Amino acid sequence: MAQVVLKDLIKTYGSVYAVNNVSLTVNDGEFVALVGPSGCGKTTTLNLVAGLIPITGGDIVIGDRVVNDLDPKDRDIAMVFQNYALYPQKSVYNNLAFPLQMRRLPKDEIDRKVRDAAKVLDMTHLLERKPRELSGGQQQRVALGRALVRDPAVFLMDEPLSNLDAKLRVQMRSEIKRFHQDLKATIIYVTHDQLEAVTMADKMAVMNGGFLQQYDTPAQVFAHPLNMFVASFIGSPAMSLVPLEASTANGMSVLTSAEGWALPLSPLNARKVAAAKSKKIVLGARHSTIKLHKSAQPGAIPAKVYTVEPTGDVTFVQAFLSGSLVNISVPPAVHVAPDEQVWLEFDQDRIHLFDGETEMALHAD
Amino acid sequence: MTSISNNQAPRSRRRIDGWRWTGRIFLVLMLMYTALPMIWMLLTSIKSGFAAMQFPPQWWPSEPTLASYQKLLDPQNSVGQDFLRFFWNSLFVSVCTTVLAVFVAVPAAYAFSRFTFPGRQFLFFAVLLRNMFPAVIFLVPLFILMRVLGLVNTHGSLILTYLTFGLPLAIWLLKGFYDNIPIQLEQAARIDGATRFQAFLLIVMPLSVPGIIATAIYSFIGAWNEYIYAATFITKNEQLTLPVGIQRFFSENTTDFPGLMAASFMMSVPVVVLFLLLQRYFVRALTEGAVKH
Ligand SMILES: Nc1ncnc2c1ncn2[C@@H]1O[C@H](COP(=O)(O)OP(=O)(O)O)[C@@H](O)[C@H]1O
Ligand SMILES: [Mg+2]
């Protein structure tokens, strides 16, 4: 096992920056999720680490070696592909044996390792089959097996679960997590599903447009998103973002809306707003931190219900506030109807404030 | 509901049957169109010279004989010597063409499919440009070229010429094949410890065997049947290939129809055998290369 360090990694295709100055350190034994919307450069980053495509700039260090110019086979990595990439002409046994054969291990050792891996993944009975004779879930296991027969320094996984149905995905999610705990393996795991990242990873690297947006533990990223993109990408339903205007009323710092109301700020939040470059402030709040009232309350802001989505455990309400849709969760016992007038109360300790121009989270100096 | 479907079912079935029968009749006609000449060729080849010229024709030879075949395959007499030499010449030219075509087309198609390099698009269409003109257009220029190269009356001239016909389509066909093999397979192999070349050799090549076989059959048949270039480039009797050889040979010795038909039949044997052995791959290749999954 080893650590992986990316230093100012750049990959361009023509004038397009697929990966733009990404720096991060994956510690030995850590499970890091690369997460972001489709096309943000996750696969490219992973392929750069694997050595499948040449880097444009920067450095990649695996263990204590700079591997920039090493062939994939010399980097001591294993990879699980989104489409599994099992060798169609080979049996499951030979798929698992291939990496060992290429490393010229003795036959009996290959046999032992293949059978061990098959036992771990509970597919001893499938060894003689061809990949096309397996279900999607079984193919996925073989792909995983082929990665782990070799005990590489680093595991790279590119959306390994995205081709499975929802139920199998949840099951494999816990299996991969278990596998990480048992092996203490260093894993870089690419996914576009923020829930997968949050539930599985020790740390998550949120990417967008080729840039690394934030790299931290899921709890930190969730609690302290560095910018509006991360805030809206992590969490489901997404954090609501409402663009407002900073001003003062009666000597108090407030956020005002074009709708005419003003939201007074706590002293800490007032200091954050004072640090902003402009008057444009974006208010962010997660659904569970907003209180919904059916009558006017001091400090609550008027909003109009748009949709109501009961899920059984909680009911999600979307309401229009100053031209933006806001998600609120309420207990199922609370009944609201579309187009009903409601009042929303924000928790001053749990709201997020962003600079409307730079889209960065605001901090009190 | 049930009464309606009961009423309609037989009528619609009858309409489908009508189409099906039209289709069958059409297929039978097509089959006769392609098979009858072959059958007639075979029948004539086992007649005596006299029986072959009779009118009205004998539908079934009254005294079937294998004399023509014996004559052609007998290395002792001059007819047999010539025929066997032509056969050998054709085999040599066709096999060389096929081997070279596969040898060049496989890496070329792979490169066009997998690598980006300057002028890739241009080169790919340049390769096809050759096939946009009828073959005879190049007859004179190629002849002049061969003369300059001193290749007239050698099998080399034919092999080179047939490659210019066969290679472009071979490359095109194989590229379609490689395009359909996911690049992740090679990437997986390279991560599993293979060099780029090993990944190609151990993983990609076996998967493209149907395409390679199709390419090979295509090149072989093209070279085996070619007439015009062979007739132009080769004048020495001992260098002739079968298509030209048979034609010259039998028009010289007044027309011996059973002999001509026996020779033609034997000429079609290698092609038919190749096809029967490999048709499975050929059909698969033509359909697989065509569609992008
Ligand atoms: N071979 C390539 N040629 C040109 N552009 C590419 C190539 N591969 C990826 N890109 C571009 O790089 C960006 C990142 O792609 P990718 O890493 O596959 O995204 P993700 O895996 O996050 O969905 C995309 O805009 C994509 O169009
Ligand atoms: Mg991807």
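The values are calculated or read from the model by the stated rules, or taken from the named source; none is laboratory data. Remember, it's a predicted structure, so these values are computed and weren't measured experimentally. Every residue, glycine among them, receives a Cβ derived from its backbone with ideal geometry; neighbour counts consider all protein chains shown. Please note that ligands, DNA and RNA were not included when accessible areas were found on the heavy atoms of the full protein model with its side chains. Shrake-Rupley method; radii C 1.70, N 1.55, O 1.52, S 1.80 Å.
Looking at the range A:250-281 only, could you name the residues that are open to solvent by less than 90 Å² (accessible area, probe 1.4 Å) and on the phi > 0 side of the Ramachandran plot?
A:GLY251, A:GLY260, listed by residue number.
With respect to A:VAL120, is the statement that it is open to solvent by 30 Å² or more (accessible area, probe 1.4 Å), modelled with pLDDT under 90 and more than 9 Å from every other protein chain (Cβ to nearest Cβ) true? First the steps, then the outcome.
Details: open to solvent by 30 Å² or more (accessible area, probe 1.4 Å): yes; modelled with pLDDT under 90: yes; more than 9 Å from every other protein chain (Cβ to nearest Cβ): yes.
Considered against the rule, which asks whether it is open to solvent by 30 Å² or more (accessible area, probe 1.4 Å), modelled with pLDDT under 90 and more than 9 Å from every other protein chain (Cβ to nearest Cβ), A:VAL120 comes out as yes.
I need the full set of residues from the range A:38-71 which are among the small types (Gly, Ala, Ser) and either within 16 Å of ligand 2 (Cβ to nearest atom) or within 19 Å of A:ASN20 (Cβ to Cβ) (or both), in order please. Give the steps one after another, and end with the answer.
At the first step, the residues of the range A:38-71 found to be among the small types (Gly, Ala, Ser) are A:38-39, A:41, A:50-51, A:57-58, A:63.
Hits for the range A:38-71 are A:SER38, A:GLY39, A:GLY41, A:ALA50, A:GLY57, A:GLY58.
May I ask you to list pairs of residues, at least six apart or on different chains, whose Cβ atoms are under 6 Å apart, with the first in the range A:7-27 being within 14 Å of chain B (Cβ to nearest Cβ) and the second being away from ligand 1 (no atom under 11 Å from the Cβ)?
Hits for this filter: A:THR12/A:THR56.
I'd like the residue in the range A:144-168 that is more than 16 Å from ligand 1 (Cβ to nearest atom) and open to solvent by 70 Å² or more (accessible area, probe 1.4 Å) and, out of all such residues, is farthest from the other protein chains (Cβ to nearest Cβ). Lay out the reasoning, then the answer.
Narrowing the range A:144-168 to residues more than 16 Å from ligand 1 (Cβ to nearest atom): A:144-155, A:164-168.
Okay, now just the ones that are also open to solvent by 70 Å² or more (accessible area, probe 1.4 Å), so A:151, A:165, A:167.
Details: A:ASP151: 13, A:ASP165: 21, A:LYS167: 25 Å.
Among those that are more than 16 Å from ligand 1 (Cβ to nearest atom) and open to solvent by 70 Å² or more (accessible area, probe 1.4 Å), it is A:LYS167.
Any chance the range A:27-39 includes a residue that's farther than 16 Å from A:MET157 by Cα, within 16 Å of ligand 1 (Cβ to nearest atom) and touching a His at 6+ places or on another chain (Cβ under 8 Å)?
So far as the range A:27-39 goes, yes, one or more of its residues are farther than 16 Å from A:MET157 by Cα, within 16 Å of ligand 1 (Cβ to nearest atom) and touching a His at 6+ places or on another chain (Cβ under 8 Å).
Report yes if some residue within the range A:151-161 is modelled with pLDDT under 90 and either farther than 22 Å from A:LEU353 by Cα or away from ligand 2 (no atom under 16 Å from the Cβ) (or both); otherwise report no. Lay out the reasoning, then the answer.
First pass over the range A:151-161, keeping only residues modelled with pLDDT under 90: A:151.
Remaining after also requiring either farther than 22 Å from A:LEU353 by Cα or away from ligand 2 (no atom under 16 Å from the Cβ) (or both): A:151.
Yes, the conditions are met somewhere in the range A:151-161.
So, restricting to helices (runs of 4 or more DSSP H) that lie completely within the range B:175-288, which ones have at least 2 residues that are away from every other protein chain (no Cβ under 14 Å), within 30 Å of B:VAL79 (Cβ to Cβ) and open to solvent by less than 40 Å² (accessible area, probe 1.4 Å)? Let's see the steps before the verdict.
On the way: elements: B:183-191, B:209-225, B:228-233, B:242-252, B:257-288.
Once the helices (runs of 4 or more DSSP H) in the range B:175-288 are filtered for at least 2 residues that are away from every other protein chain (no Cβ under 14 Å), within 30 Å of B:VAL79 (Cβ to Cβ) and open to solvent by less than 40 Å² (accessible area, probe 1.4 Å), what remains is B:209-225, B:228-233, B:242-252, B:257-288.
So which residues in the range A:178-232 are within 16 Å of ligand 2 (Cβ to nearest atom) and either within 14 Å of chain B (Cβ to nearest Cβ) or without any contact (Cβ under 8 Å) to a residue 40 or more places away in the chain (or both)?
A:ILE188, A:VAL190 - these are the residues of the range A:178-232 that are within 16 Å of ligand 2 (Cβ to nearest atom) and either within 14 Å of chain B (Cβ to nearest Cβ) or without any contact (Cβ under 8 Å) to a residue 40 or more places away in the chain (or both).
Within 14 Å of ligand 2 (Cβ to nearest atom) and touching a residue at least 40 places away in the same chain (Cβ under 8 Å): does that describe A:ALA2? Break it down into steps so the answer makes sense when it comes.
On the way: within 14 Å of ligand 2 (Cβ to nearest atom): no; touching a residue at least 40 places away in the same chain (Cβ under 8 Å): yes.
Against the criterion (within 14 Å of ligand 2 (Cβ to nearest atom) and touching a residue at least 40 places away in the same chain (Cβ under 8 Å)), A:ALA2 does not qualify.
Any chance you could count how many residues in the range A:169-208 are among the polar types (S, T, N, Q) and within 16 Å of ligand 1 (Cβ to nearest atom)? Working first, answer last.
Of the range A:169-208, the ones among the polar types (S, T, N, Q) are A:171, A:174, A:181, A:186, A:191, A:194, A:199, A:208.
When the remaining residues are screened for being within 16 Å of ligand 1 (Cβ to nearest atom), the result is A:191, A:194, A:208.
Residues meeting the conditions: 3.
Does A:SER38 satisfy the condition of being more than 30 Å from A:SER174 (Cβ to Cβ) and of a type in the set (Ser, Thr, Tyr)? Show your work before the answer.
Details: more than 30 Å from A:SER174 (Cβ to Cβ): no; of a type in the set (Ser, Thr, Tyr): yes.
No; evaluated as a whole, the condition is false for this residue.
With the requirement that a residue be within 32 Å of the chain's Cα centre (by Cα) and either free of Cβ contacts under 8 Å to residues at least 40 places away in the same chain or open to solvent by 50 Å² or more (accessible area, probe 1.4 Å) (or both), what does the range A:282-303 give you?
Within the range A:282-303, A:SER288, A:LYS291 qualify.
With (1) assigned to a helix (DSSP H, G or I); (2) surrounded by fewer than 14 Cβ atoms within 10 Å (Cβ to Cβ) as the list, and B:VAL127 as the residue in question, which single condition is left unmet?
Going through (1) assigned to a helix (DSSP H, G or I); (2) surrounded by fewer than 14 Cβ atoms within 10 Å (Cβ to Cβ) one by one, B:VAL127 breaks only (2).
Among the residues of the range A:7-23, write down those that are within 15 Å of ligand 1 (Cβ to nearest atom) and open to solvent by 10 Å² or more (accessible area, probe 1.4 Å). Step through it out loud before you land on a result.
Applying the first criterion (within 15 Å of ligand 1 (Cβ to nearest atom)) to the range A:7-23 yields A:9-22.
The answer is A:ILE10, A:LYS11, A:THR12, A:TYR13, A:GLY14, A:SER15, A:VAL16, A:TYR17, A:ALA18, A:ASN20, A:ASN21.
Is it true that some residue in the range A:60-82 is more than 10 Å from chain B (Cβ to nearest Cβ), free of Cβ contacts under 8 Å to residues at least 60 places away in the same chain and within 16 Å of ligand 1 (Cβ to nearest atom)?
Looking for residues that are more than 10 Å from chain B (Cβ to nearest Cβ), free of Cβ contacts under 8 Å to residues at least 60 places away in the same chain and within 16 Å of ligand 1 (Cβ to nearest atom), one finds at least one in the range A:60-82, hence yes.
Checking A:ASN27 against (1) surrounded by fewer than 22 Cβ atoms within 10 Å (Cβ to Cβ); (2) within 16 Å of ligand 2 (Cβ to nearest atom), which test does it fail?
Among (1) surrounded by fewer than 22 Cβ atoms within 10 Å (Cβ to Cβ); (2) within 16 Å of ligand 2 (Cβ to nearest atom), A:ASN27 violates only (2).
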